[in-house]
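Heads up: the structure comes next, in structure tokens.
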Amino acid sequence: MDTTTRTQRLAEAKAWAGFRSAHFARQTGTLVVVVDADAQGLDPGDGATKWYTICDDHDQLVGHETLAMAKHHASDPLGWCEVCSGADRLY
Ligand SMILES: [Zn+2]
């Protein structure tokens, strides 16, 4: 069991390259972080993906063209994190 507190995890997320926002999703309790794709080193080079929303608990992420879209997805990890949604399970 991870004994790191939520406060500590939020503080760590704020130190990530390209950090923009982080919170624990109400529905899933997982830490969801929004980052600048380029600054985080995740830029896929498609010229469109500028932001990523990351479910830190499950190492799942989804790319977006706008920060507004990234923040919209941050409130609903069930919609894109395959582990949160149950589409993929960690055994
Ligand atoms: Zn998740």
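For segment 6-79, taking Cα atoms only, Rg and Dmax work out to 11.4, 35 Å respectively.
Taking only DSSP H segments of four or more residues, each worth -39500 (n - 2.57), what value at 222 nm results for the chain once the sum is divided by all its residues, to the nearest 500 deg cm²/dmol? Each step should come with its number before you reach the end.
Working: 3 runs with 20 residues, N = 91.
Counting only the DSSP helices, I get -5500 deg cm²/dmol.
When segment 6-79 is described by a simple charge dipole with +1 on each Lys and Arg Cβ and -1 on each Asp and Glu Cβ, the residue from ALA11, LEU61, VAL32 located farthest towards its positive end is ALA11.
Every read-out reported here was derived from the displayed coordinates using simple, explicitly stated rules and does not represent laboratory data. Treat the numbers as computed from the prediction; the structure is a model and nothing was measured. So basically every Cβ, Gly included, is an ideal-geometry build from the backbone, and we count neighbours across all protein chains shown.
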